[in-house]
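Structure first, then comments.
The values are calculated or read from the model by the stated rules, or taken from the named source; none is laboratory data. In this text, all values refer to a predicted model and were calculated from it rather than measured experimentally. Cβ placement follows ideal geometry from the backbone for every residue including glycine, while neighbour counts extend to all protein chains displayed. Just so you know, the surface numbers come from the protein's heavy atoms only, side chains and all, with ligands and any DNA or RNA stripped out. Shrake-Rupley method; radii C 1.70, N 1.55, O 1.52, S 1.80 Å.
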Amino acid sequence: MAYPFQMGLQDATSPIMEELLHFHDHTLMIVFLISSLVLYIISTMLTTKLTHTNTMDAQEVETVWTILPAIILVLIALPSLRILYMMDEINNPLLTVKTMGHQWYWSYEYTDYEDLNFDSYMIPTQELKPGELRLLEVDNRAVLPMEMTIRMLISSEDVLHSWAVPSLGLKTDAIPGRLNQTTLMAMRPGLYYGQCSEICGSNHSFMPIVLELVPLSYFEKWSASML
């Protein structure tokens, strides 16, 4: 969960989000080094009294500033493609959950269980209990088992939505007439909040997502009580 004045990303809960955090730090360091070098060169050129008439005509300098950016782009592209393929790969999911976007709430259907489906509406501000988060709490949380590969099937029944949970590294568009899929696996229990990140209408900011990741034994008891 993000906290006020947070500068960085949320703490990673899934292996994919850990890889995204490492890639973010890797890319940010490259940007920082390039910015520092350019700032140093500009400040040096503005303050020095020394001149060299052949600097702008040197073939060696042109070779360096052509090859070096190409190498930097490769160093960014390779880990980026690796993470991209990791996010699209789904190997033997142990549970499948279908998520449908509506104006303006989410509905969840546990396709591996009979008649286990429910809607998830945001709790109005005036009905919040002490300790609950405004504009993020829902009446029915999506309970999922931790340390298991879970496939999420995401679609919409009206307009474009986007199912996003930052701490899990998930963001998948919900498109009418199209079934998108993504995978998640949480390494620790807890509550994980998200929101629709697509401008889907006037109440776009009022359709939150709450995932409750629990041990398998607790999930089995919850699913039995819901049937």
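Brief remarks on what is shown
- In the stretch 85-100, the residues that are within 11 Å of Leu153 (Cα to Cα) reach residues that are of a type outside the set (Phe, Trp, Tyr) and open to solvent by 90 Å² or more (accessible area, probe 1.4 Å) with C-beta atoms within less than 7 angstrom, at least six apart or across chains, in these pairs: Met100/Glu157.
- Selection count, the stretch 57-105, where residues are part of a helix (DSSP H, G or I), open to solvent by less than 80 Å² (accessible area, probe 1.4 Å) and charged (D, E, K, R): 1
- Residue count, the stretch 113-155 (criterion: open to solvent by 80 Å² or more (accessible area, probe 1.4 Å) and of a type in the set (Lys, Arg)): 2
- Qualifying positions in the stretch 123-152 - in a loop (DSSP other than H, G, I, E, B) and within 14 Å of Val210 (Cα to Cα): Ile123, Glu132, Leu133, Arg134, Leu135, Leu136, Glu137, Asp139, Asn140, Arg141
- Scope the stretch 150-168; condition over 18 Å from Gly190 (Cβ atoms) and β-branched (Val, Ile, Thr); matching residues: Ile154, Val159
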